[in-house]
1. Okay, helix-only estimate at 222 nm for the chain: each DSSP H run of n ≥ 4 adds -39500 (n - 2.57), divide by all residues, round to 500 deg cm²/dmol; what do you get?
2. How far apart, in nm, are two points set 7 Å out from the Cα along the Cα-to-Cβ line at His99 and at Lys85?
3. How much of the DSSP bridge set in the chain is antiparallel, in percent, rounded to the nearest 5?
4. Let me have the relative contact order for region 1-140, percent, based on Cα pairs under 8 Å that are six or more residues apart.
5. Determine the relative contact order of the chain: mean sequence separation of Cα pairs under 8 Å and six or more apart, normalised by residue count, in whole percent.
6. Would you calculate the separation in nanometres between label points at Thr207 and Tyr329, each defined as 7 Å from the Cα along the Cα-to-beta-carbon direction?
7. So which lysines pass the test for Lys56, namely a Cα distance under 23 Å, with those fewer than 8 places away in the same chain ruled out?
8. Principal axis lengths of the chain from Cα atoms, whole Å, largest first?
Amino acid sequence: MHQPLVQAKSHGLISHRPIVHFDGLSAIEGTWRDICREKSSSSFFISFDYIALWYKSFAEPDRVRVYPVFEGERIIGFLPLVLEKNGPVRVLSSLTNPHCRHPGVLVAQGCEDAFSRNFIEALLSDKHGWDVLLYRSGYSFQKDAQTGVANADAYRLETEIKPTYTALLPESIEDYYRHLSAKTRKEANAKKRKLAADPTHRFRHYTGDDALGSWPVFLSIEDSGWKGEGGSSLAKLPPNYRSYYESLIRMLYEDERLHMYFLEINGQAVAGAFCYRDEDVFHCCKTGYNEEHSSLSPSINLILFIIEDIILHHPDVKRFHMFPVDYGYKHRYADEETFYTLMTLYNTSVRGTLMYGRSLLKQRLKLIPGMPHAVRFLRNNVRKQRS
């Protein structure tokens, strides 16, 4: 078996201890890049540059935690996490938030089993530094998605399976529609016919410089309507989030992964989608539309166009990924069941033990008839009294 492992002794700055500050990332940069180069395929979201961007955007420098995983004295990967505080409880979390749903875990080519065996050991090398691990795995359609989860059975572990929404793309558009329910096909055809009745409608697909230049247009569309009014649009995010997106867009552009799609009515963009390709998956990260044209179902029609465009012009793409959170429609256009795993691992520290006991108590209370309803009732009353 090919084992492109890196000898730790050749990188004297690397020990079995985790990196605990942003400044320490430079000590592992060379090894990280070596492992990425040796992989036959590698996600953009496990690149050293992307991980550094995430930490720079979302973590205090002293909250950075990167755990090297070893097989003997050989480095076989890295587990990047961030340390957060929930009151007195020290929580290790994967590098995810509502604006980044790609947790990074770097595993050397051919070393998935060894990584799974040894990643718990890597975490326990710092057992006095954390109480609870909240880890969100990659997606079930990704090679390294479940790495490390199976070997944690002997510890105080809880797992929860969560859906995401993907379309496994066939060779033809007709085959894709045949995999949808009859009701969804009927609704999709009705939406397409209504849009087709407007002769001014046009779909646009931009890559390269055109995609980069169209980003402000997308931001304007996404900022319109309820998102802008509620302050949840990208344009209304705090400065560190806006800076993250600006850097991410530039990096995707430079790596020739950026795709921007728009629906125009009378020459005006009324819906947009920010997409990117990573390996053989086409991810639809963010969408937005102008509510004045909601009768034309602009977002749904744009998604259907993107799927058709990928099938026609990118036959080497296997999947279209719409990400978790259904919003009431994604499941209709997904033609397979895919998921990710939420893993909660409790350390043997005092706080970790207390949190584990609290979790067990909650689970037992849920089994008592009527108890969940009573708890919700009490919580609502407390909220009313406080307000």
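All of the numbers you see were taken from the coordinates with simple rules; none came from a lab. Note that the coordinates shown come from a computational prediction; the quantities given were computed from them, not determined experimentally. Note that each Cβ is placed from the backbone with ideal geometry, even for glycine, and that neighbours are counted across all protein chains shown.
1. Values: 13 runs with 145 residues, N = 387.
Computed ellipticity for the chain at 222 nm equals -11500 deg cm²/dmol.
2. A separation of 2.4 nm, rounded to one decimal place.
3. Given both bridge residues lie in the chain, the antiparallel proportion sits at roughly 90 percent.
4. Working: 233 pairs, mean separation 39.3, N = 140.
The normalised contact order for region 1-140 reaches 28 percent.
5. On the way: 652 pairs, mean separation 75.2, N = 387.
Result for the chain is 19 percent.
6. For Thr207 paired with Tyr329, the spin-label model returns 2.6 nm.
7. Qualifying lysines at Cα under 23 Å: Lys85, Lys236, Lys286.
8. So the three principal-axis extents are 65, 58, 41 Å.
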